[in-house]
Every structure is written in structure tokens, then in C-alpha cells.
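What follows is a set of notes on a single structure, which appears directly below.
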Protein chains: 2
Amino acid sequence: MTDLLRAGTDLDLSIVDPRSTPGFEGGKAEGAAALAAGADEISHLQERLYAASRAGRTPRVLLVLQAMDTAGKGGIVRHVVGAVDPQGVQLAAFKKPTPEELAEHFLARIERRLPAPGMIGVFDRSHYEDVLIARVRSLAEPAVIQRRYGEIRDFERRVADGGTRIVKVMLHISPEEQKARLAERLDRPDKHWKYNPGDVDERLLWPDYMAAYERAIAETDADHAPWYVVPADRKWFARLAVQQLLIDALRDIDPQWPTADFDVEAEKARLAAS
Amino acid sequence: MTDLLRAGTDLDLSIVDPRSTPGFEGGKAEGAAALAAGADEISHLQERLYAASRAGRTPRVLLVLQAMDTAGKGGIVRHVVGAVDPQGVQLAAFKKPTPEELAEHFLARIERRLPAPGMIGVFDRSHYEDVLIARVRSLAEPAVIQRRYGEIRDFERRVADGGTRIVKVMLHISPEEQKARLAERLDRPDKHWKYNPGDVDERLLWPDYMAAYERAIAETDADHAPWYVVPADRKWFARLAVQQLLIDALRDIDPQWPTADFDVEAEKARLAAS
């Protein structure tokens, strides 16, 4: 499944169908069953990753989530990441930068939230905002945006070299599906708090955002920091796909249980005498 | 159930049976079913708590977990806290203080990790280490330990006044159960990484630790910062009890969905036209 989602550097988002389910034959029910099965596997792999770090090994995973509003980042965190022991996850949600953050380099706040050894880091939005909304809304000069692509490449190269498996995901929804989801938020008083009038302003700039995504992905896709475009009109598929991407990354790391750095038989004797 | 677990200021741990299940009639299977039902409720309450904070309200919850090694703090985090949306939880595990932390006031590192508005904070160990192991191992002068009780009382009063519902839990296991759990860690190579020879050293000081817990609880139990002693030889009961304590705290806050701060009908029209 996951190979089919890899973006590459010549991405054309207009030919990726947000309702498609590449590499998965079943429907919603089969998807839910596969997600439940995957939750067990990811949970076990995460424990091995964490355990390995206790023995001084440094592998870690960084999942970067980017998407238009309502595409389902929150659902991924809740239903995919939420299946993992919270002790093994470091979640960072990047909002509009504060004045303090604006005064420093755009990667500084990102660097501070990178996952520790043995951890699965999850970025809900990321440094890509600085080449997405920043480009669409002209929050920085074009030359600055252009320079940022290179800075991101260098940054991610360094992070990957330090032992972090990077997985970058764009959740790809259609403007029609977004409209339906925003309408639901307006229809339900218990969802009003999730609605922001600014969402409609951003929505009107949809083509600009798609162009910004294509450009950012083309500039920064790399084998050590791959981008995946995950069709997200069907929530169940998007969750399954991101779970599979995490499982692939963890299997590839293949973390091993550390061996004891103490004398097991001597400790058994001490314990028995205690 | 939870009233029966309240410690009060004249606690005698020797009369609390670690295998008991106060207030719960059923066995392991009924406990697992109740835990699953509670997971749904806690999940809904947490979402309301988070939503309420978006409207500028400030309630939050702080769960403090203290226990002897192997008592099951990790299992509580995984199985009770893990049922909540990770976006609504701030977990802090306090290890042996670093040299930097030792150079500052013992509450400074605690203060930095207090939960934000709308969040459920979980402390895996806490400032109580500074009056537990610090007392048992004479890491500070008796007069300093004595002063710390008062500092903790003042600190928790201030935190509670700021809108944080504090729930303090001691997981209470028997030394026999700990011995069995440590033996299992030594028997299974995939558990060796969880074993630390120092655990047996602490185990030999069991009566001193129980005395330190009794004293700390007596000094710091208060209606705004209550202590609960949760029998923990049966893991399923300890999980259910802590879940119920969190549910009680959240029900008591009774967070409400915020009302829209925008014109709902006008937004529906804007969305329809977009």
C-alpha cells in the first residue's frame, strides 16, 4: 500500500483522487478490522523501540502531518497514535507562531520538539507551514520562501542522519468533502468550538494551497525524508494508511530487546533473599 | 468506590489490604468490562474539558501517581490515560533530578510541567519523591524535609486555586507481589530492560518507605488536593479505581461546550457560497 502513496518530486495533486483507497481492496468494515489488527502490531513495535533506547541506541520516528483544515489530522492522532502507549509518544502541535517564535529562525521551535531517542514524535503541522501558508498569504518574501526549501532539506538531512526515521504525510481531501465537514461543524452546537470563520477564508485559496503543497513536496521529498500523499475523503482509509506508514518505519528499524547489563542469576538470588 | 479510597490524615498503610477491591463487587472480568465502559465516558468528558478551554475557561486536571517499583504506574498510563485522546493529555515522568534540577528549588521542575488549561496532566512520580526517597535515603536534612511538606501544601493550594483539580494516588502493593513481579522481569529476556538491580536495594527499605508515605500523605492530604490509596496487587482493580477517580474529577468540573463566538447563520451562508 505505502509504495503507492509515495509522492515523489513530480507530483500533480489534481490527478490524485481523494476518495481512492490505493492498495486496499476492502471497504470501511475491512478497514476498521485492519486498523484494529495494526494497533496491536504498532503497540508491540513501539515498546521494542522504547526498550532499545534504554540500552543507548538512538532510533526514533518522526511523523509529520500536514493538511487542509478538517482533513483529519486530529482523527489520526486520536485513532492511530492513540493506540500507542502515551509514554512512547511525543506530540507537538504547531500553531500560528508567537511573537517570540517569529523573532527566531523558523526551524528553532521545530528543533526543540524533535523526538527523544526511542520515541515516536508526531508533528501536527510543522515547519512546512512556513512554506505553505507563508507562501499563499505572502507572509515572507519569495526569496525567503525559496531559501527555506533548502534550509528544510539540510535540516531534515541532519535529523535523519541522527537516527530519526522521518515520515511526512499530506492528508489529501477534496474541497467538496471539506465543505461537508465544515457544514457539519456549523450544524452541531457541540462542534461549534471546532469551527473558525478563518477556515472559509483559507478555503477560498484552495488552488493556491495545492500549488504550494506541490512545490513544497517537490522541493523536499527525499528517500531519507519521504512524502506520502494520503487520500483522506474516507477517514477510515487515511487512518489505516498512516498506521501502515508508521508500521513500515518501525519494522524497518527492527528494534531489538536490549540484553541485560547485570548478572541475571545473581539478581535472582538477591531477589529471592530479599 | 472512590470515597472508600480517600486516605485522610491518619492513614495506617498496614491495615490497607493490597489485594482488596473496595467498593467493587465483581472480579477480573467484570472489572475489565467496567474499564471499557469507563473509557468511553472519560473520553467524552475529556473532549468537553478541552473544548471548554478554547472558550477561555481554565479548568484542568492533575493526576499524581506515586508508588513502589512495579506497582503499575506504567500500566495506569497505558490503559487508563491511553484511552484518552493524546491531544488532551500532558504526561510528565520525573526521574532522578539532573544536576541542573538539583541546583534549583525542588518544585521548579514540577511547576514547568503543570497542565495547560483544558488538559489532563499526569505526573509519573512527582515532587513527592523529594519527601519519600529523599527522606528514606537521607538525601536532605530532616529540617529540609520538614520544610518541604509546608512548601508542597502552599504549592498545591496555589495550583488548586488556579483551577486545577488535583488527584493524588498512591498505588499500594504488597512486598510479596513486588517480589513476584520482579521475578517475572528476571525470568523473561524481553523484560530484562525493565529490571534495575537498584530495585532490590529499595525493596530492602520497604518499612521505611511505608513510613515515609504515611507521613507525606498525612502532611499533605487536603480536600483541594486529596490523596487516595489504591490497592494495587490486582492490576485490573487499580486501573479501574484510577479511571473512576479521573471520571469523578471530570464530572465534578462538568465542562460545557462553548457557545459560538461567531454568527452561525452568516457562516452557513458564507460556506455555502464558497
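The values are calculated or read from the model by the stated rules, or taken from the named source; none is laboratory data. Remember, predicted model here, so these are calculated numbers, not experimental data. Ideal geometry is used to build each Cβ from the backbone, glycine not excepted, and the neighbour counts take in all protein chains shown. The accessibility values were calculated without ligands, DNA or RNA, using every heavy atom of the protein model including side chains. Shrake-Rupley method; radii C 1.70, N 1.55, O 1.52, S 1.80 Å.
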Fill in the blank from the handout: Note: chain B at 4 °C, 1.567 mPa s; Kirkwood Rh on alpha carbon pairs; Stokes-Einstein D in µm²/s works out to 65
Handout entry: Per-residue ³J(HN,Hα) for the range A:161-174, Karplus 6.51 cos²θ - 1.76 cosθ + 1.60, θ = phi - 60°, Hz, x for Gly and Pro
Key = 4, x, x, 9, 7, 9, 10, 10, 10, 9, 7, 10, 10, 8
Exercise for the section: Please work out the FRET efficiency for the pair B:Asp254 and B:Asp201, using the Cβ-Cβ distance as r and a Förster radius of 41 Å; give the result to the nearest 0.05. Expected result: 0.35
Problem - Choice from B:His224, B:His105, B:His172 with maximal GNM fluctuation in chain B (Cα, 10 Å cutoff) - result: B:His105
Practice task
Straight distance only, please: which aspartates and glutamates reach the Cα of A:Lys73 with their own Cα at less than 13 Å, same-chain residues fewer than 8 apart left out?
Solution key: A:Asp124, A:Asp233, B:Asp85
Exercise for the section: Using only Cα atoms, find the angle between the long axis of helix A:264-273 and the longest principal axis of chain A, and express it within 0 to 90 degrees, rounded to the nearest 10. Expected result: 70
Problem - Helix-only mean residue ellipticity at 222 nm for chain B, each DSSP H run of n ≥ 4 adding -39500 (n - 2.57), per residue, nearest 500 - result: -14500 deg cm²/dmol
Exercise for the section: Give a quick list of GluC sites (Glu not before Pro) in the range A:1-107 that DSSP marks as loop, anything other than H, G, I, E or B, with at most 15 other Cβ atoms within 10 Å. Expected result: A:Glu25, A:Glu104
Completion exercise
Taking r as the C-beta separation of B:Glu176 and B:Glu265 and R0 as 51 Å, the FRET efficiency to the nearest 0.05 is 0.15
Problem - Among B:Leu35, B:Leu132, B:Leu182: highest mean-square fluctuation, GNM of chain B, C-alpha pairs under 10 Å - result: B:Leu182
Problem - Protein-protein interface of the range B:215-263, residues with accessible area decrease of at least 50 Å², isolated chain reference, 1.4 Å probe - result: B:Trp257, B:Phe262
Completion exercise
Using alpha carbon centers only, the range A:60-106 is separated from the range B:100-120 by a whole-angstrom value of 22
Completion exercise
Note on chain B, DSSP bridge orientation, antiparallel percent to nearest 5 equals 10
Practice task
May I ask which of A:Lys191/B:Lys235; A:Lys268/B:Lys235; B:Lys28/B:Lys96; A:Lys95/A:Lys191; B:Lys28/B:Lys168; A:Lys96/B:Lys194 have a Cα-Cα span longer than 31 Å here?
Solution key: A:Lys191/B:Lys235; B:Lys28/B:Lys96; A:Lys96/B:Lys194
Handout entry: Spatial extent of the range A:84-195: Rg and Dmax, with the Cα atoms as the point set, Å
Key = 16.8, 48
Practice task
Mind checking which chain A residue has its Cβ closest to the axis relating A to B, and how many whole Å off it is?
Solution key: A:Pro86, 3
Handout entry: Pairs of Cα atoms farther than 14 Å apart, the range A:200-268, %
Key = 77
Completion exercise
Inter-copy distances for B:Asp248, label 7 Å out on the Cα-Cβ vector, sorted ascending, nm, one decimal, are 4.8
Problem - Size of the protein assembly as shown as Cα extents on the principal axes (Å, biggest first) - result: 69, 53, 48
Handout entry: Shielding score for B:175-184, defined as the mean number of other chain Cβ atoms within 10 Å
Key = 2
Problem - Accessible-area composition of chain B, carbon plus sulfur, in percent [1.4 Å probe] - result: 50
Exercise for the section: May I ask for the Rg/Rh ratio of the range A:150-274, computed from Cα atoms with Rh as the Kirkwood radius, given to two decimals? Expected result: 1.22
Problem - Mean accessible surface per residue for the range B:124-274, computed with a 1.4 Å probe while every protein chain stays in place, in Å² - result: 43
Handout entry: Fraction of beta bridges assigned by DSSP in the protein assembly as shown that are antiparallel (%, nearest 5)
Key = 10
